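The numbers here are math on the coordinates, done by the rules we state, and not lab data. Quick caveat: nothing in here was measured; it's all calculated off a predicted structure. Using ideal geometry, Cβ is built from the backbone for each residue, glycine included, and neighbour counts are taken over all protein chains shown.
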Amino acid sequence: MRYLTIALAKGRLANKAMEMFEAIGISCDEMKDKASRKLIFVNEDLGVRFFLAKANDVPTYVEYGAADIGIVGRDTILEEGRKLYEVMDLGVGKCRMCVCGPESARERLEHHELIRVATKYPNIAKDYFYNQKYQTVEIIKLNGSIELAPIVGLSEVIVDIVETGSTLRENGLMVLEEVCGLSARMVVNQVSMKTENERITAIIKKFQSYLKKNAGK
Ligand code: PRP
């Protein structure tokens, strides 16, 4: 039997996803050894293997079929724009993509002024301002601690993830506009969806009933 390969975005999301896979009977003991430097973890009995990758690389592995299934945030899926099927909302890692800044930026935003937007998500920001708001802005790509940008005068606003809102509050910033809601998603390679349809559909169905059972918990 060919291995079914599952790519997980490293970090908190991978741990949550593994809890879910275990709950539906797809466990991987090899993965529990935190000291291990192994990159790929196999369950020989089930013919399934998992690997951890940087979130941004998960859609790439799935598009090219190096992974049949991927678990990754919607932010990454939108930003990467890869060809794949997004089959399920896992309902975890819920947060929002927002335009944020100081109160003083609100008016400039509303008047469609040519402002600077700092973000780790240039494609999402471009789509939002150019295709949805028809507003010309200058987008500046950063790699982290995005909230710094308006504080030190690099940009007027940022497009970034807001979860609890505490990073914004502690830095005198606020949500000015909401771009979209986010959460963890299951994605599937388009060819695997046909060639491995039976196994993949079985996993999707089990996940769906697990999510239904645990709804509201
Ligand atoms: C994310 C995001 C915000 C923060 C939002 O950053 O970019 O900075 O979390 O969370 P909050 O609303 O609960 O405060 P992350 O910690 O992933 O690091 P980064 O700044 O390097 O992107």
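Remarks
- Each Lys and Arg Cβ is given +1 and each Asp and Glu Cβ -1; about its Cα centre, the chain then shows a dipole of about 600 debye.
- Between the amide H of residue 4 and those of 48, 49, distances stay under 5 Å, these residues lying 5 or more places away or on another chain, with hydrogens modeled in the peptide plane.
- Of 46, 4, 102, farthest towards positive along the dipole that unit charges on Lys, Arg, Asp, Glu beta carbons give the chain: 46
- Rounded to 5, the percent of DSSP beta bridges in the chain classed as antiparallel: 60 percent
- The chymotrypsin sites (Phe, Trp or Tyr not before Pro) of segment 50-134 that DSSP puts in a loop, and whose beta carbon has at most 15 other beta carbons within 10 Å, are 64, 134.
- Hz values of 3J(HN,Hα) by residue in segment 38-49 - Karplus curve (6.51, -1.76, 1.60), Gly and Pro given as x: 5, 9, 10, 10, 10, 10, 4, 4, 8, x, 10, 9
- Within segment 1-92, the GluC sites (Glu not before Pro) that combine a DSSP coil assignment with at most 12 other C-beta atoms in a 10 angstrom radius are 44.
- Charge sum, other residues only, whose C-beta stays under 12 Å from residue 40's C-beta, Lys/Arg counted +1 and Asp/Glu -1: +2
- Inter-part distance, segment 64-143 to segment 167-187, computed on C-alpha centroids, equals 10 Å.
- Taken over segment 11-107, the ratio of Cα radius of gyration to 2.2 N^0.38 Å equals 1.32.
- Segment 94-179: radius of gyration over Cα atoms, expressed as a fraction of 2.2 N^0.38 Å: 0.96
- For the chain, the longest principal axis of the C-alpha atoms and the axis of helix 12-23 are separated by about 30°.
- 20 Å Cα-Cα threshold exceeded, pairs from 16/120; 94/120; 54/206: 16/120; 54/206
- Entry note, the chain: the mean residue ellipticity at 222 nm calculated from DSSP H runs of n ≥ 4, each adding -39500 (n - 2.57), is -8000 deg cm²/dmol after division by the residues and rounding to the nearest 500.
- Rg(Cα)/(2.2 N^0.38 Å) for the chain, N = residue count: 1.15
- Crossing angle, helix 197-213 versus the chain [Cα axis fit, 0-90 degrees, rounded to tens]: 60 degrees
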